[in-house]
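Report on the following structure.
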Amino acid sequence: MAETVGDHVVRRLRDWDVEQVFAYPGDGINGILTAFGRADDRPKFVQARHEEMAALAAVGYAKFSGRVGVCLATSGPGAIHLLNGLYDAKLDHVPVVAIVGQTARSAMGGAYQQEVDLQTLFKDVASDYLVEVNVAEQLPNAIDRAIRTALARRAPTAVIIPADLQEEKYTPPRHEFKNVPSSPPSVPASTVLPAAAEIERAAEVLNAGSRVAMLVGQGARGAAAELPRVAEITGAGAAKALLGKDVLSDELPWVTGSIGLLGTRPSYELMRDCDTLLIVGSNFPYSQFLPEFGQARAVQIDLDASLIGLRYPVEVALVGDAKATLAALLPKLRPATDRGWREKVERNVARWWETVERQAMLSAKPVNPMRIVWELSERVPDDAIVTADAGSAANWYARDLKMRGTMRGSLSGTLATMGSGVPYAIGAKFAHPDRPVVALVGDGAMQMNGLTELITIAKYHHLWADPRIAICVLHNNDLNQVTWELRALGGAPKFEQSQNLPDISYAEIARAVGFEAITVDDPDQLAGAWDRALHADRPALLDVHCDPEVPPIPPHATFDQIKAAAEAVLKGDPNAWHLLAQGARTKLQEALPGR
């Protein structure tokens, strides 16, 4: 049988070493589906429960593998469903390629069934590269450019292939006018380094500082060896943007943890008191958590020149690879002679971890959600991958989980979409089938779409060398993050009609699809439950009944601000007095003396 266009698409993905495609079938991609069958399922067709979940799993795979994630969907509704996951890739700068079907060319423009203007639909989310393939000769260039562009620009791209074309015979581009060839699949390795004069200027700024702070983002991941050397020479402390949480170990005494609304008090103090700021690979958007304008001289390192100076006034801009740029900068830095600043940072960090432990151990009704993550942090394997969903689960992931060893972690950092935690975990398992994976997910996200993806895990876990994947559901029957935003930002009590969730047993549902299922309604059960899940011989789910009234108080919040929020709550919040007592006890832990 002659090779079809669908066959060639699948073969080209295989040439690019794409090992799996996260997808959902539909008749708009029949020609590609049959090609998968003829290719002996290489690459593997990973069937999600919904196209949005396929796209989010591709994002998770790309984040944790460093390779391109690929998703596939049919025309019309299937393509539309991909959008949320692709926007997650766009906003977090993740390489993902979407391949979508389209109505047959003969029906285009005829208001045909499932005909949607996909060029218009994808033109924003896939603005770096979007193409509709209308003749076979456009391949393989279209697939190659989509993958190369996604990897080079860390962005989603999209290729649209009409249904009838997929089944036609493939003919390669010819050596003639108006044909475009391609090259063997590869992405040339290169290192971008700033000019020597700019590195000298940056060194002058850093050497002049007496209270140096670093802000580290996901773009610094390749520089994990150089960052501690910079910190040691300059005496700096380092705060981490949420997407950079796994770049530096939290066991380092000068690492202050996350920054921002979900951040830690020592990160807030680091930025409040520094006189020099080094930003490495971060586009952290909240300028109010950075030093006051004019307070600190700033140096920024980023591979993307368009992001330089976007969040804070920068004196020296270094456009380049973080690892290579820091390596060139290191010999020009002078050791700080006064270690008082570093010692203060380390005292703040040590005191903060004591505070977090005290807060986690506070009693609640029935389980304190902070303790869920604290107990995980005490026993999670050093090579684990941890994902977190949007919502209050992200607060406890950001503040209570200690990164160490080769741990990785991520969430939907910029789009902050609900429903990403479980598909991210699936993508992580396909990226690293030999490593344990944990997902921290609120019950709202589980009801939105996480429950269905338990079926996907049950379907594929036999492929993973290490079958451990633990889904922890923070079961509080409340859309908790929005409830707290209503209180703190809207000055309004909880609106139960919008915020209360139906009470179901997540453990029973997980057990029905073959999971090791554990229900926890007592804090003293948590340690044993985590041990059981992390040593299970199959996927596990922890259904932890936790208190919705434990407040995610930002570390910079003053008692006056808390008082204002409390007054809003007293306007009619159904659990006002318990909420106020829990909040006061939590905030009080920051004021207690350290050990």
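The modelled label-to-label distance between GLU354 and GLU204, using points 7 Å beyond Cα along the C-beta direction, is 4.3 nm. PRE reach from LEU310 (point 7 Å along Cα→Cβ): which of segment 183-210 fall under 20 Å by backbone N? Of the residues in segment 183-210, 192-194 have backbone N under 20 Å from the label point off LEU310. Shape of segment 323-446 from the C-alpha gyration tensor: oblate (a/c of 1.5 or more and a/b not above b/c, with a ≥ b ≥ c the square roots of its eigenvalues).
Taking only the C-alpha atoms of the chain, the Rg (one decimal) and the largest Cα-Cα distance, Dmax (whole number), read 25.2, 78 Å. Electrostatic bookkeeping for THR337 treats Lys and Arg as +1 and Asp and Glu as -1; over the other residues with beta carbon under 14 Å from its beta carbon, the sum is +1. Summary of the geometry: segment 281-320 and segment 462-519, compared by the centres of their Cα atoms, lie 36 Å apart. The packing ranking of peptides 276-283, 32-39, highest mean first, is 276-283, 32-39, where packing means the average number of other beta carbon atoms within 10 angstrom of each residue. Ranking GLN113, MET271, PHE177 by how far each Cα lies toward the positive end of the dipole of the chain (charges on Cβ) leaves MET271 at the top.
For the chain, DSSP calls about 5 percent of its internal beta bridges antiparallel.
On the chain, 53 percent of the accessible area sits on carbon and sulfur atoms, based on a 1.4 Å probe.
Could you tally the net charge around ALA203, taking each other residue with its Cβ under 13 Å from the Cβ of ALA203, Lys/Arg +1 and Asp/Glu -1?
Neighbour charge sum, excluding ALA203 itself: 0.
For the chain, the mean residue ellipticity at 222 nm estimated from helices alone is -11500 deg cm²/dmol, where every DSSP H run of n ≥ 4 contributes -39500 (n - 2.57) and the total is divided by all residues, rounded to the nearest 500. Each of ASP531 and ASN134 was given a label point 7 Å from its Cα along the Cα-to-Cβ line. The distance between the two points is 6.6 nm. The mean of 1/r over all pairs of different alpha-carbon atoms in segment 348-405, once inverted, gives a Kirkwood hydrodynamic radius of 12.0 Å.
Simple spin-label estimate for ALA225 and LYS344 gives 3.4 nm between the two label positions (7 Å along the Cα-to-Cβ direction from each Cα). From the square roots a ≥ b ≥ c of the eigenvalues of the alpha-carbon gyration tensor of segment 268-342, which class results: rounded (a/c under 1.5), prolate (a/b over b/c), or oblate? The shape class here is oblate.
Reported to the nearest whole Å, the Cα centre-to-centre distance from segment 346-414 to segment 113-175 is 42.
Judged by the ratio a/c of the largest to the smallest principal axis of the C-alpha gyration tensor, segment 2-151 counts as rounded, that ratio being less than 1.5.
The residues of the chain present an accessible area of 39 Å² per residue when probed at 1.4 Å with all protein chains retained. Here's the picture: a label point sits 7 Å out from the Cα of ALA196 along the beta-carbon direction, and within segment 216-254 nothing has its amide nitrogen under 20 Å of it. What residues of segment 12-29 lie in the reach of a label at GLN113, counting those whose backbone N is under 18 Å from a point 7 Å from the Cα along Cα→Cβ? Taking a point 7 Å out along Cα→Cβ of GLN113, the residues of segment 12-29 whose backbone N falls under 18 Å are 25-29.
The values are calculated or read from the model by the stated rules, or taken from the named source; none is laboratory data. Every value quoted in this text rests on a predicted model; they were computed, and no experiment measured them. Neighbour counts are summed over all protein chains in view; Cβ atoms, including those assigned to glycine, are modelled from backbone coordinates with ideal geometry. Please note that ligands, DNA and RNA were not included when accessible areas were found on the heavy atoms of the full protein model with its side chains. Shrake-Rupley method; radii C 1.70, N 1.55, O 1.52, S 1.80 Å.
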